[in-house]
Amino acid sequence: MKDPGLTLDDVSAAYGKTPVLRGIDLAVDRGELLVVLGPSGAGKSTVLRVVAGLEPVTAGRIHIAGRDVTADRPGRRNVSMVFQSYALFPHLTVADNIAFGLEVRDTPRAVARERARAAAETVGCAALLDRRPGQLSGGERQRVALARALAREPEVFLLDEPLSNLDLALRTEMRTELRALHDRLGATMVHVTHDQTEALVLADRIAVLRDGRIEQVGTPDAIWRTPASAFVARFVGSPAMNLLPAAGPFAPSGTAPPGLAGAGELQIGFRPGAVTLGPADGAADGVAAVVDRLEVVGEDAYAYLTTDGGQPVVVRVPADRRPARGAAVRATVRWADVHVFHAGSGLRYPPS
Ligand code: ADP
């Protein structure tokens, strides 16, 4: 077992009578960057808030670096949180903003100043120390918020959608920087996002959250290749994985997994890139379909088909080999590229 940086054991939380977290089990290794991914309202921020001590748990225990902090007030937990809104004081300079958290903890002013300068240096905002937040761009404010978290030298960093207020180019750049910063510091980080690309790029492991429950925890590769449920399969990947009734007219080619018949009602899933398009009078496998709509995104094109059985299927093809709108085609997919899920529970079949 690796060194535990942070563990949540069967943690539940509620706002009033409404349950928000329902038995969360999560172990983040020391030095790991874990991304909590899920749709809006899934409870991602609440996970961070219970770890920080900003919300109480209704059940379960939280340990930070092996110490039970469940009953500790926020100031004693040794975590730093970075918010989407940055939460900088507008009337303080960057230097004072970064040093603020240290000075309220009785760190001598000169020491706080030096740590603030060093933190600013680390995240590349040392030239801004005398400015006020109003004189900074969004990206610069984000750096200051990170520097403030860093200066406190916490056991765990909690990052709540820290990149989502930035424009796409900056978000992509800061994402890479954040990962580099993590690797340089060897810090334990929990990063919350609803952006699946951000999760795939940043994470050592991803925890997918849905309705206050963890649906799957795994490396980005595992989440992509062996999604534990239809929900995970469709949440990660854009356009989303196609999902059709296994008993429908879409027959994948090759050998079906053993035991498929008799396993109850199943669905098959396959990513848009797993489908091959051919002429309508082609192979016996697959299904006849018509191209309803095309989206061309640089080198890729997405063809939105309706099958003969009336089912929608999205296909990714190279833009220079895309079919025409309205074309009759035949879509095939190999069993090797098919994921199978139980229709009712949505769980992967067979479970991996
Ligand atoms: P996420 O970060 O995944 O978007 P949150 O953790 O912010 O989700 O919220 C989870 C659920 O709790 C949502 O349904 C949200 O409406 C509700 N919620 C969040 N904060 C409060 C609050 N202060 N009071 C009541 N309900 C809240």
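Points worth noting:
- Candidates V94, V20: the one that is at negative phi, of a type in the set (V, I, T), open to solvent by less than 50 Å² (accessible area, probe 1.4 Å) and within 13 Å of the ligand (Cβ to nearest atom) is V20.
- Residue check for A288: closer than 16 Å to P252 by Cβ, small (G, A, S) and touching a Lys or Arg at 6+ places or on another chain (Cβ under 9 Å): yes
- Looking at the range 154-239, the helices (runs of 4 or more DSSP H) lying wholly inside it that each contain 2 or more residues that are among the β-branched types (V, I, T) and open to solvent by 10 Å² or more (accessible area, probe 1.4 Å) sit at 168-185, 196-202.
- Every pair of residues 6+ apart whose Cβ atoms lie under 8 Å, when the first sits in the range 33-62 and is over 16 Å from Y15 (Cα atoms) and free of Cβ contacts under 8 Å to residues at least 40 places away in the same chain while the second is open to solvent by 20 Å² or more (accessible area, probe 1.4 Å) and more than 8 Å from the ligand (Cβ to nearest atom): none
- Some residue of the range 70-88 being surrounded by 21 or more Cβ atoms within 10 Å (Cβ to Cβ) and within 16 Å of the ligand (Cβ to nearest atom): yes
- Total residues in the range 23-54, condition within 11 Å of the ligand (Cβ to nearest atom), among the basic types (K, R) and more than 19 Å from D195 (Cβ to Cβ): 1
- The residues of the range 80-96 that are within 22 Å of S45 (Cβ to Cβ) and modelled with pLDDT of 90 or more, listed by number, are S80, M81, V82, L88, F89.
- Search result, residues across the range 120-149 that are touching a residue at least 60 places away in the same chain (Cβ under 8 Å) and open to solvent by 20 Å² or more (accessible area, probe 1.4 Å): T122, R148
- The criterion of at least 2 residues that are under 29 Å from the mean Cα position of the chain (by Cα) is met, among strands (runs of 3 or more DSSP E) falling completely within the range 284-345, by 287-297, 300-307, 312-318, 339-342.
The values are calculated or read from the model by the stated rules, or taken from the named source; none is laboratory data. Source: prediction; values computed, not measured. Using ideal geometry, Cβ is built from the backbone for each residue, glycine included, and neighbour counts are taken over all protein chains shown. Note: accessible area is taken over every heavy atom of the protein model, side chains too, but ligands, DNA and RNA are not part of it. Shrake-Rupley method; radii C 1.70, N 1.55, O 1.52, S 1.80 Å.
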